[in-house]
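Down below is the structure, laid out as structure tokens.
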Amino acid sequence: MIRATVMATFWDGRHRACTKSTYIRHHWSFMKTERPPARMRLPEGFSHLRADLGQILKDHRTGVKGVVGPISQDALAMSVGITRVALSRIENGHTWPQGSTLDRIMEQLELDWPQVAMVGDSGRPPLLVDGSLQGTHTYQLCQSLRLERKALGWSLAELSRRSGVSAAQLSRIERAQGGRSGVLTWHPDDLGEVPEDRRVVFGNPILADLAAGRFDYGPDEES
């Protein structure tokens, strides 16, 4: 009898010991109607994910909206590396996707940030701004890429097609979360300098030209 009581007793979020039946009775409405806010870095200019994100993703997956679809839950889940149950929970609004998962879903459904996030100031600094000149320059480089892409009216999927870099990786780069990816490299004139003093540039020529404002291809012209 003592063993059964111990197994049924645990700590809730407020550090109160309670039995399973008590926890369910007191917190069932919370479990059904609320979910913690999403915690992920968004591109500059966006404050938070849309509350109806799950329905937006479902509408684009099923072909109700967008240019892709219909795609089954099983097929989309497999392509982004999650289970069908996890995708179902995201679409039904029971949980938020992780940042990397959302990147891959957006890539598969050809979505861009204005479709999944609200415009505003998140109040959170970008990850690459570490106070160093190099960190600041890298952040500015990533922001230039995003601004020039939007000025041309390109989606992440379109830039991915032209550059050969996945839309998911481009999304992370534009949020200044690309880290030292293979897309970013040292400026060739700075290789003799210590790493802290080297300038960071895009090794991909399409991204380099775009971030520098040198990209003037027409919308239908092949890069």
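We did not get these values from a lab; they are worked out from the coordinates using the rules stated. Since the structure is predicted, the reported quantities are computational estimates derived from the model, not experimental observations. No Cβ is skipped: glycine too gets one built from the backbone with ideal geometry, and neighbour counts run over all protein chains shown.
What percent does the relative contact order of region 46-119 come to when contacts are Cα pairs within less than 8 Å and at least six residues apart? Contact order relative to length: 43 percent.
A simple spin-label model places the labels of LEU147 and ALA212 1.7 nm from each other, with each point 7 Å out along Cα-to-Cβ.
Using Cβ point charges alone (K and R +1, D and E -1), the dipole size of region 133-211 about the Cα centre works out to roughly 440 debye.
Taking K and R as +1 and D and E as -1, what net charge do the other residues with C-beta under 10 Å from the C-beta of ARG199 add up to? Net charge around ARG199: -3. Residues whose amide H lies under 5 Å from that of LEU184, counting only those 5 or more places away or on a different chain, are GLY203; hydrogens are built 1.01 Å from N in the peptide plane.
Each peptide in 186-195, 54-63, 68-77, 167-176 receives the mean, over its residues, of other Cβ atoms within 10 Å, and ordering these scores from highest gives 167-176, 54-63, 68-77, 186-195. The distance linking region 65-120 with region 144-194 is 22 Å (Cα centroid to Cα centroid, whole angstrom).
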